[in-house]
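Q: Take a look at this one; I'll ask things after.
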Amino acid sequence: MAVYIEAGAKRTVDCARDKREVGSAMQCARQDVVDMLRRTGLPELAEETLRVLPDPVDLDFAAKVLQSYGVTRDELIDRMGGSP
């Protein structure tokens, strides 16, 4: 999943099955977030987010939900082999 974050601007997210431009909100299929959590070794959190996130999900909202479970964007990037 490629995520480009730019506050207040029109942004694009390219998820596994979906590409959307939504004003200033980036959205992605909930299942893409769940799949990414499973790939990064967080299957329990993946199951929880499947229950609590709407579909489609605004990625800023998803980040806030994940942060409430103690998982940051930087941690996810690190688990995927990237650098923040």
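Every number here is computed from the coordinates shown, using simple stated rules; none is lab data. Predicted model, so just to flag it, every value in this text is computed and none were measured. All Cβ positions, even for glycine, are placed from backbone atoms using ideal geometry, and neighbour counts span all protein chains on display.
Q: Using the Cα gyration tensor of region 30-84, with a ≥ b ≥ c the square roots of its eigenvalues, what is the shape: rounded (a/c below 1.5), prolate (a/b larger than b/c) or oblate (neither)? Don't skip to the end; give the middle numbers.
A: Values: a/c = 1.68, a/b = 1.40, b/c = 1.20.
Prolate.
Q: Mind putting a number on the dipole of region 26-79 about its Cα centre? Charges go on the C-beta only, +1 for Lys and Arg and -1 for Asp and Glu, and I need it in Debye to the nearest 20. Can you show the working numbers first?
A: Numbers: 7 positive and 11 negative charges, 8 e Å.
Taking the Cα centre of region 26-79 as origin, the dipole is about 40 debye.
Q: What distance in nm separates the simple spin-label points at Asp60 and Asp78, each placed 7 Å from Cα in the Cβ direction?
A: Going from the Asp60 label point to the Asp78 one covers 2.6 nm.
Q: Now a separate question. Take Leu50 and Tyr69, extend 7 Å from each Cα along the Cα→Cβ direction, and tell me the distance between the two endpoints in nm.
A: The answer from the label model is 1.1 nm.
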